[in-house]
């Protein structure tokens with residue numbers, strides 16, 4: 001890693017994108033679907049009406065865009081770092097999920113959940129201090 005500082009910075013920047021865009025996309029999809037409501041019955045007219053509301057929802061499209069950005073960043077990071085580094089490091093998104101749920105969805109996060117999130121973040125901190133690539137390039 002010391003011989004390629006650009007790779008190191010690039011990896012961390014895209015890990016940040018992963019940590020932010022995945023939870024944000026999911027929260028936006030959740031918020032969009034809560035505004036649309038659920039299907040009461042399975043008649044074709046009702047399903048068509050819900051599908052139309054889904055396709056015209058700004059929250060849904062923003063959620064899809066965020067998840068697409070996450071997916072692209074995730075694929076790129078996997079070309080620069082090992083999966084055994086990327087997956088634990090991206091677990092920092094659990095903190096982002098709790099904060100977004102609290103702020104955007106009005107959910108309550110109890111002390112036990114915050115404690116669990118702190119333990120996860122400690123693990124992410126430990127993994128983050130390891131070398132992101134332990135295998136030879138193909």
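The values are calculated or read from the model by the stated rules, or taken from the named source; none is laboratory data. Quick caveat, the model's predicted, so the values are computed rather than measured. As a convention, Cβ positions derive from the backbone with ideal geometry for all residues, glycine included, and neighbour counts pool all protein chains shown.
Brief remarks follow.
- All positions within region 1-14 that are at pLDDT 90 or above and either in contact with a strand residue (DSSP E or B) (Cβ under 8 Å, 6 or more places away or on another chain) or surrounded by 15 or more Cβ atoms within 10 Å (Cβ to Cβ) (or both): 14
- Of all residues making up region 47-84, the number that are surrounded by 13 or more Cβ atoms within 10 Å (Cβ to Cβ) and within 16 Å of the chain's Cα centre (by Cα): 18
- Scanning region 75-93 for residues that are without any contact (Cβ under 8 Å) to a residue 60 or more places away in the chain and under 13 Å from residue 23 (Cα atoms) turns up just one, 91.
- Filter result (touching a residue at least 24 places away in the same chain (Cβ under 8 Å), within 28 Å of residue 35 (Cα to Cα) and more than 13 Å from the chain's Cα centre (by Cα)) within region 94-121: 104, 105
- The residues listed here are 63, 46; of these, the one that is at pLDDT below 90, in a helix (DSSP H, G or I) and over 22 Å from residue 127 (Cβ atoms) is 46.
- The residues on offer are 89, 22, 69, and the sole one that is closer than 30 Å to residue 8 by Cα, assigned to a helix (DSSP H, G or I) and at pLDDT below 90 is 89.
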